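First the structure, in the form of structure tokens, and then the observations on it.
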Amino acid sequence: MVVAQDWVNWPPELAERYRGAGHWQGLTFGEQLARWAVSYAGRTALVDGGRRWTYAELDVAVQRLCTGLARLGIRRGDRVILQLPNRAEFVLSWFALVRLGAVPVHAMPAHRRSEITHLARLADVAGYLVADQYGHFDYRELAAQVQQDTGLRHVIVAGDPGEHTGFVALAELMAADPEPGPADPPAADDLALLLLSGGTTGMPKLVPRTHDDYSYNARRAAEVCELTEESVYLAVLPIAFNYTMSCPGMLGVLQVGGKVVLAPAPGPQTAFELIEREGVTIAAINPPLVPHWLAEAERGEADLSSLRVLQVGSARLADDLAAVVTKKLDCRLQQVFGMAEGLLCLTRLDDPDDLVHTTQGVPISPDDELRVVDPQDQEVPLGQTGELLTRGPYTLRGYYRAAEHNQRAFTADGFYRTGDLVRLTPTGHVIVVGRAKDQINRGGQKIDATEVEGHLLALPGVVSAALVAEPDPVLGERSVAFLTCTGDAPDAKALTVFFRDRGVAAYKVPDRLLVVDAMPLTAVGKVDKKTLKHQYLG
Ligand SMILES: O=C(O)c1cccc(O)c1O
């Protein structure tokens with residue numbers, strides 16, 4: 001019998017194996033931070049502009065906030081949406097929540113009312129932690145709307161809470177005299193955080209990650225990247241992103257006593273200044289940033305000599321661009337293929353160039369199990385293309401509160417169906433060749449076609465809608481919306497306004513609109529996207 005539950009833990013025999021192998025060490029993130037504060041006490045943990053925290057200071061600041069959150073009424077097990085840009089407040093709030101046993105839900109800065117309200121309802125959240133303003137957007141207005149939609153109890157604002165009654169300033173919570181504690185601490189195999197999946201079925205799904213599994217993810221990635229106390233990591237992409245959090249990201253660097261530097265914006269000038277000033281040794285970017293970084297490096301104004309490793313991930317890096325990176329930036333390139341759901345593949349620092357340029361690496365754990373299968377779930381011969389299925393010590397066993405979807409997204413023996421089409425080299429390196437899931441990867445931002453089609457269908461006069469990917473030289477892929485309409489079709493401007501008014505993140509607005517007389521259909525009556533692409537996009 002299937003018992004309804006919020007999330008699916010690993011079966012006991014596998015959990016035993018992962019503990020026995022030392023992957024799961026039985027320490028919560030709150031406990032780990034306390035240990036780091038002893039081992040790395042006076043070393044710099046975190047840099048945000050002119051502000052710096054040593055490990056000891058970070059631990060104390062987190063304990064204050066943890067106390068403040070508890071006094072506000074946030075409890076172990078409560079879910080709290082965390083939507084902050086790359087500022088120290090993200091790091092402090094994240095650790096304070098997980099130390100308390102409250103569960104941060106990782107929203108992205110680009111998310112708006114449609115996404116946040118969905119998350120608030122899905123996770124039945126107790127609170128929402130936002131910036132006051134960022135990137136010309138007032139998150140307090142958004143929070144007020146979400147509160148109206150959902151009756152959210154607590155809104156906590158990093159910065160000025162403004163005129164909204166009931167909004168609490170994060171600074172006020174941070175001023176609490178730290179009490180030892182928390183009173184009711186979480187266990188290491190508890191749910192620690194909820195990450196957003198790219199989604200393929202209408203609205204973002206939530207990925208449950210435990211203290212044990214997520215620590216292992218970060219620790220093992222840090223080993224593969226050969227991080228040490230001397231490592232300095234530049235967080236370029238949003239810190240809430242799994243890639244920036246733990247691949248090895250912030251968490252991998254803190255485990256070994258290195259320094260995390262937050263870039264307030266992803267552009268190369270900002271990044272290069274920080275690389276020079278802080279002596280950055282490893283940075284993580286996505287393919288659309290690569291040409292900008294190369295162009296800025298060409299100008300030769302910043303001293304990048306400290307940079308040892310440049311990670312490129314979140315979308316497929318073109319083979320020829322990969323070769324240029326190694327040549328123009330005097331550092332190692334590392335390809336990153338990961339997913340919020342778990343599995344992380346990295347090229348190794350001593351891999352030969354041809355593998356680094358043409359593959360997305362090998363899994364980080366010896367206990368990652370990979371199967372490449374045909375549509376009947378039969379394994380294909382080595383080297384042939386199939387869908388990647390995976391299971392392992394840090395790959396989810398089910399999405400949060402999604403029992404029905406989980407039936408389809410996992411095999412009976414617990415393998416996650418990634419929806420990625422891959423082939424394996426004889427060395428075990430993964431090459432991502434395409435995608436079986438209905439998703440667009442727009443420069444690393446994953447767009448769920450079904451979700452966007454739902455919005456398009458709400459446009460007056462639209463009868464049917466299909467969102468597909470087409471190649472884009474910068475983004476890798478951009479989105480094209482095919483519509484059939486009665487009467488006039490909307491124009492690009494109207495579309496942008498319509499999406500904004502519906503509270504949808506701007507990156508989901510289709511890049512191009514094509515109106516057709518009729519949608520081609522498959523034998524079972526679904527829109528035939530292959531034919532659409534073939535007929536209209538060449
Ligand atoms: O999309 C990716 O490749 C990716 C890489 C690292 C971490 C992630 O979460 C990812 O989605």
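The number of residues in region 229-243 that are within 8 Å of the ligand (Cβ to nearest atom) and out of contact with any helix residue (DSSP H, G or I) (no Cβ under 7 Å at 6 or more places or on another chain) comes to 2. Close contacts from region 34-46, counting a first residue that is in a loop (DSSP other than H, G, I, E, B) and a second that is surrounded by 14 or more Cβ atoms within 10 Å (Cβ to Cβ) and not small (Gly, Ala, Ser), with Cβ to Cβ under 6 Å and a gap of 6+ residues or different chains, come to Tyr40/Tyr55; Ala41/Tyr55; Gly42/Thr54; Arg43/Tyr55.
As for region 252-263, it holds at least one residue that is basic (Lys, Arg) and surrounded by 21 or more Cβ atoms within 10 Å (Cβ to Cβ).
Kindly indicate which of Leu388, Leu349, Leu382 is among the aliphatic types (A, V, I, L, M) and either modelled with pLDDT under 95 or within 30 Å of Glu296 (Cα to Cα) (or both).
Leu349
Taken over region 304-330, the residue count meeting the criterion of being under 25 Å from the mean Cα position of the chain (by Cα) and either crowded, with 19+ Cβ neighbours inside 10 Å or modelled with pLDDT of 95 or more (or both) is 13. Out of Leu321, Leu355, Leu343, one residue alone is touching a strand residue (DSSP E or B) at 6+ places or on another chain (Cβ under 6 Å) and either within 16 Å of the ligand (Cβ to nearest atom) or more than 20 Å from His211 (Cα to Cα) (or both). It is Leu343.
Is it the case that some residue within region 53-64 is part of a strand (DSSP E or B), within 20 Å of Lys259 (Cβ to Cβ), at pLDDT 95 or above and over 21 Å from the mean Cα position of the chain (by Cα)? Working first, answer last.
Of region 53-64, the ones part of a strand (DSSP E or B) are 53-54.
Filter once more, keeping what is within 20 Å of Lys259 (Cβ to Cβ): 53-54.
Filter once more, keeping what is at pLDDT 95 or above: 53-54.
With the extra rule that they be over 21 Å from the mean Cα position of the chain (by Cα), the set shrinks to 53-54.
Within region 53-64 (the criterion being part of a strand (DSSP E or B), within 20 Å of Lys259 (Cβ to Cβ), at pLDDT 95 or above and over 21 Å from the mean Cα position of the chain (by Cα)), the answer is yes, since at least one residue qualifies.
Does region 397-414 hold any residues that are part of a loop (DSSP other than H, G, I, E, B) and either without any contact (Cβ under 8 Å) to a residue 12 or more places away in the chain or among the charged types (D, E, K, R) (or both), and which are they? First the steps, then the outcome.
Initial filter on region 397-414 (part of a loop (DSSP other than H, G, I, E, B)): 397-402, 411-414.
Arg397, Arg401, Ala412, Asp413, listed by residue number.
Report the residue count in region 266-286 for those that are touching a residue at least 60 places away in the same chain (Cβ under 8 Å) and in a loop (DSSP other than H, G, I, E, B). The total comes to 1.
On the basis of being buried (at least 16 other Cβ atoms within 10 Å of the Cβ) and either under 20 Å from the mean Cα position of the chain (by Cα) or on the phi > 0 side of the Ramachandran plot (or both), does Arg478 make the cut?
Numbers: buried (at least 16 other Cβ atoms within 10 Å of the Cβ): yes; either under 20 Å from the mean Cα position of the chain (by Cα) or on the phi > 0 side of the Ramachandran plot (or both): yes.
Yes; evaluated as a whole, the condition is true for this residue.
What do you reckon, is Ser215 more than 12 Å from the ligand (Cβ to nearest atom), at pLDDT 95 or above and either small (Gly, Ala, Ser) or within 20 Å of Ala123 (Cβ to Cβ) (or both)? Yes; evaluated as a whole, the condition is true for this residue. Within the option set Glu341, Glu369, being closer than 26 Å to Arg442 by Cα, in contact (Cβ under 8 Å) with a residue 12 or more places away in the chain and surrounded by 15 or more Cβ atoms within 10 Å (Cβ to Cβ) holds for one residue only, Glu341. Within the option set Arg87, Arg121, being at pLDDT 95 or above, surrounded by fewer than 20 Cβ atoms within 10 Å (Cβ to Cβ) and under 18 Å from the mean Cα position of the chain (by Cα) holds for one residue only, Arg87. Among the residues that make up region 168-191, is at least one of them surrounded by 24 or more Cβ atoms within 10 Å (Cβ to Cβ) and under 18 Å from Gln25 (Cα atoms)? Looking through region 168-191, none of the residues is surrounded by 24 or more Cβ atoms within 10 Å (Cβ to Cβ) and under 18 Å from Gln25 (Cα atoms). The residues on offer are Gly434, Gly428, and the sole one that is in contact (Cβ under 8 Å) with a residue 40 or more places away in the chain and more than 16 Å from the ligand (Cβ to nearest atom) is Gly428.
Which residue is nearest to the ligand (Cβ to nearest atom), if the candidates are limited to region 437-457 and must be in a loop (DSSP other than H, G, I, E, B) and over 18 Å from Lys529 (Cα atoms)?
Filtering region 437-457 down to residues in a loop (DSSP other than H, G, I, E, B) leaves 437-438, 443-444.
Next, from what is left, pick out any that are over 18 Å from Lys529 (Cα atoms): 443-444.
Values: Gly443: 11, Gly444: 7 Å.
Across region 437-457, the extreme among qualifying residues is Gly444.
The values are calculated or read from the model by the stated rules, or taken from the named source; none is laboratory data. Quick caveat, the model's predicted, so the values are computed rather than measured. As a convention, Cβ positions derive from the backbone with ideal geometry for all residues, glycine included, and neighbour counts pool all protein chains shown.
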